[in-house]
Amino acid sequence: MSATAADLMAYDAALAAYDPALGLEVHVELNTATKMFCGCPTGFGAEPNTQVCPTCLGLPGALPVLNRGAIEYTVLAGMMLDCRTPSVSKWDRKNYFYPDMPKNYQISQFDLPLCLGGGVPLYDHCYPKDAQKDIEESGKEIGLTRIHLEEDVAKSTHSSNGTSIDFNRAGTPLMEIVSEPEITSPEEAFAYLNSLRQILIYGDLSDADMEKGQMRCDVNVSVRPDSQEELGVKIELKNMNSVSAVRRALHYEISRQIRVINEGGELVQSTRRWDDDIGETQQMRTKEDAHDYRYFPDPDLLPVKTEGIVEKMRLQVPELPHQKADRFVRDFSISEYDASVLSSDRDLALYFEETANESEAKKKVANWVINNVLAVLNERDLKVAQCPVSSTKLASIIKMVESGQISNNQAKETFVALFDNPDREPASIITELGFEPADADLIESMVEEVISGHPEKVTEIQEGNEKLINWLTGQVMKVSKGKANPKIIGDLLRKKIL
């Protein structure tokens, strides 16, 4: 039995008498061109220590200058998540001593952050696939405590020879989104991170790529007997760098905490790390309260009056994924499931909507984008934005299917050929592939041939088993060697039999 399977079994057994309470602190690097307090660029992948200056290196005498764009992005994030923004927000120094912050304090926000309250909706399609059929509370929203803005630290790389530090990341605008301890399972934590990431990308606030460190997560974990109202001892898991790792770590840590309690041990507030290779959390240090950071107002930065920023960003709040899905259902008459899939990616939603607006067959477009376009993109390891087939040409292919000019299978071949030759027109590819529609009289004669060859099927259909028309359609398709349109065949079969 794998360690993961064993952890899941232990987790299920342990949960019988305990309630987990999970709170997430998500750090998100914002899509600004320059850093939070200086003019250095924020681009990813540059040579180490080449995007630095005296300010982000923490050299004596260097003074910070606020990045207005980062403040605006944070306020916009708050609006998208239904937060409120205080009329005045200020900056504080959070004191701690690590090599990745050489001035020995981080400029952050303490009691007057840019955003307060709000919440993150958990989208059903954002849960792990193996848990989507067993969602305990569909449509749940996780409350937020706050969103504050601060500067990121440098990146430390540890090896057997020591630790090297790259200051390119130091000073990048970092938005910290703090949830209430309302998440009750690893699966909800998984959905929370995926839902939040979708919303941030919709606002073009961040790429939120965890592999690049643009989105990182600390998780506060506690358990309590189901009869107890007070939260249990909080234990923090630091610097989680993938959504799936968060889920695995939480399954292990919840089970571990319950095991300690059941064995008569005592949990101590502490910070732990997740070792994905061995599948265990390991203690780093005991954790004391926030006042150990000795916050005080930063004397180099004035407070920010937010009224003007709020009014400006109110005009830039985009349609959110769940709002877009609702509109797709309402305007295009597609299923809620299809709408949730199509709205799960901003570029996918745009591609679908542009195609649907050029086609009368809205449901057919949804089916095509989900089952055919995404399949080809996945095979080629491409993103939706890289799809070479324009929405206009896809709509043209679907129109030909609806008119009976080509079959659905022929349309699929046409799409693949067009994918490799995007400058060509669908009609010329159809001609080149020999997908000319079969003669109407020839199709009718083939239909009559199949009907006369299967009288028992015809009788069953006339007695009410209309599903067999699909079977007869398949027989006609065989006779036509795939050239006839199944829709035309089906219509002819119904006309002659029913």
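Leaving out ligands, DNA and RNA, and with a 1.4 Å probe, what % of the accessible surface on region 273-385 is carbon or sulfur? Intermediate results must be reported in sequence, preceding the final value.
Details: 3220 of 6880 Å².
Result for region 273-385: 47 percent of the exposed heavy-atom area is carbon or sulfur.
Which of the trypsin sites (Lys or Arg not before Pro) across region 293-335 are loop residues per DSSP, with 13 or fewer other Cβ within 10 Å?
Values: sites: Arg294, Lys305, Lys312, Arg314, Lys324, Arg327, Arg330; in loops: Arg294.
Passing sites in region 293-335 are Arg294.
Of Val246, Val317, which has the most accessible area and how do the rest follow, probe 1.4 Å?
Details: Val246 0, Val317 60 Å².
Largest accessible area first, the residues go Val317, Val246.
Sequence-distant or interchain residues sharing an amide H contact under 5 Å with Arg272, placed H: which?
Residues meeting the amide H criterion: Glu236, Leu237, Lys238, Met284.
How do Asp100, Asp226 stack up against each other in accessible area, from largest to smallest, with a 1.4 angstrom probe?
Working: Asp100 30, Asp226 90 Å².
Sorted descending by solvent-accessible area, the residues read Asp226, Asp100.
Could you give each residue of region 280-286 its phi-based ³J(HN,Hα) in whole Hz, using Karplus coefficients 6.51, -1.76, 1.60 with θ = phi - 60°, and x for Gly or Pro?
Once θ is set to phi - 60°, the couplings for region 280-286 become 9, 8, 10, 5, 9, 6, 6 Hz.
As a quick test, which of the pairs Lys364/Lys393; Lys238/Lys324; Lys90/Lys140 have an alpha carbon distance above 26 angstrom in this structure? Spell out each step's value before the answer.
Working: Lys364/Lys393 15 Å; Lys238/Lys324 34 Å; Lys90/Lys140 32 Å.
Over 26 Å apart, Cα to Cα: Lys238/Lys324; Lys90/Lys140.
Looking at the chain, send over the antiparallel percent of its DSSP beta bridges, to the nearest 5.
On the way: 54 of 57 bridges.
About 95 percent, rounded to the nearest 5.
Let me know the charge dipole size of the chain about its Cα centre in debye, to the nearest 20, where only the beta-carbon of Lys, Arg (+1) and Asp, Glu (-1) is charged.
It works out to roughly 740 debye.
Just how much of Leu59 is accessible, in Å², when a 1.4 Å probe is used and the result is rounded to the nearest 10?
Leu59 has an accessible surface of roughly 80 Å² with all protein chains in place.
Within region 155-252, what whole-number % of the accessible surface is contributed by carbon and sulfur, with the 1.4 Å probe and all protein chains included in the calculation?
Details: 1630 of 3860 Å².
Summing carbon and sulfur atoms, their accessible area is 42 percent of the total for region 155-252.
Before I look further, what does region 93-218 give for accessible area per residue, probe 1.4 Å, in whole square angstrom? Kindly include the intermediate steps, with their values, before the conclusion.
Working: 5020 Å² over 126 residues.
For region 93-218, the per-residue accessible area is 40 Å².
Enumerate the calculated ³J(HN,Hα) couplings along region 120-130 in order (Karplus 6.51 cos²θ - 1.76 cosθ + 1.60, θ = phi - 60°), each rounded to whole Hz, writing x wherever the residue is Gly or Pro.
10, x, 9, 7, 4, 6, 8, 6, x, 4, 6
Tell me, what is the per residue accessible area of region 385-491 in Å², probe radius 1.4 Å?
Details: 5640 Å² over 107 residues.
Per residue, region 385-491 has 53 Å² of solvent-accessible surface.
Obtain the nm distance between the two label points defined at Asn241 and Thr392 by a simple spin-label model: each point lies 7 Å from its Cα along the Cα-to-C-beta direction.
4.5 nm
May I ask you to derive the relative contact order of region 3-144, considering only C-alpha pairs under 8 Å and at least 6 residues apart, and to give it as an integer percent?
16 percent
Subtracting the Cα-Cα distance from 0.36 nm times the residue separation, let me have the gained length for Leu66 to Lys363 in nm, one decimal. Please report the intermediate quantities before stating the final value.
Details: separation 297, 0.36 × 297 = 106.92 nm, distance 4.87 nm.
Separation in residues times 0.36 nm, less the Cα-Cα distance, equals 102.1 nm.
Under a straight-distance cross-link criterion of Cα-Cα below 14 Å, which aspartates and glutamates are reachable from Lys234, leaving out those fewer than 8 residues away in the same chain?
Answer for Lys234, where 14 Å is the Cα cut-off: Asp19, Glu25, Glu180, Glu182, Asp218, Glu253, Glu266, Glu288, Asp289, listed by chain and number.
Let me know the shape class of region 38-177, please: from the alpha-carbon gyration tensor, a ≥ b ≥ c as square roots of the eigenvalues, rounded when a/c is under 1.5, otherwise prolate if a/b is greater than b/c, or oblate. Could you put the intermediate results ahead of the total?
Working: a/c = 2.45, a/b = 1.49, b/c = 1.65.
It is oblate, given that a/c is not under 1.5 and a/b is not larger than b/c.
Determine the shape class of region 143-189: with a ≥ b ≥ c the square roots of the Cα gyration tensor eigenvalues, call it rounded for a/c under 1.5, and otherwise prolate if a/b is greater than b/c, oblate otherwise. It would help to have the intermediate numbers written out before the result.
Numbers: a/c = 5.08, a/b = 1.74, b/c = 2.93.
Here region 143-189 falls in the oblate category.
Which far-off residues, 5 or more places away or on another chain, put their amide H under 5 Å from the one on Asp19, with H placed in the peptide plane?
Arg224, Asp226
Name the aspartates and glutamates eligible as straight-distance cross-link partners of Lys129: C-alpha to C-alpha under 14 Å, and not fewer than 8 places from it in the same chain.
Once the sequence-local aspartates and glutamates are set aside, what remains near Lys129 is Glu187, Glu188.
Taking the Cα centre of region 369-498 as the origin, how large is its charge dipole in debye, to the nearest 20, when only Lys and Arg (+1) and Asp and Glu (-1) carry charge on their Cβ atoms? Please report the intermediate quantities before stating the final value.
Working: 15 positive and 19 negative charges, 65 e Å.
Charge dipole, region 369-498, about its Cα centre: 320 debye, nearest 20.
Per residue of region 30-46, in order, report the coupling 6.51 cos²θ - 1.76 cosθ + 1.60 (Karplus, θ = phi - 60°) as ³J(HN,Hα) in whole Hz, putting x for Gly and Pro.
Result, rounded to whole Hz: 7, 7, 9, 6, 10, 6, 5, 10, 8, x, 5, x, 10, x, 8, x, 6.
Counting only residues 5 or more places away or on other chains, whose amide H sits under 5 Å from the amide H of Val153 once H atoms are built in the peptide plane?
Residues meeting the criterion, in which the H sits 1.01 Å from N, are Gly171.
The values are calculated or read from the model by the stated rules, or taken from the named source; none is laboratory data. Note that the structure is predicted; figures quoted are calculated from it, not measured. All Cβ positions, even for glycine, are placed from backbone atoms using ideal geometry, and neighbour counts span all protein chains on display. Areas reflect the complete protein model, heavy atoms only, side chains present, ligands, DNA and RNA absent. Shrake-Rupley method; radii C 1.70, N 1.55, O 1.52, S 1.80 Å.
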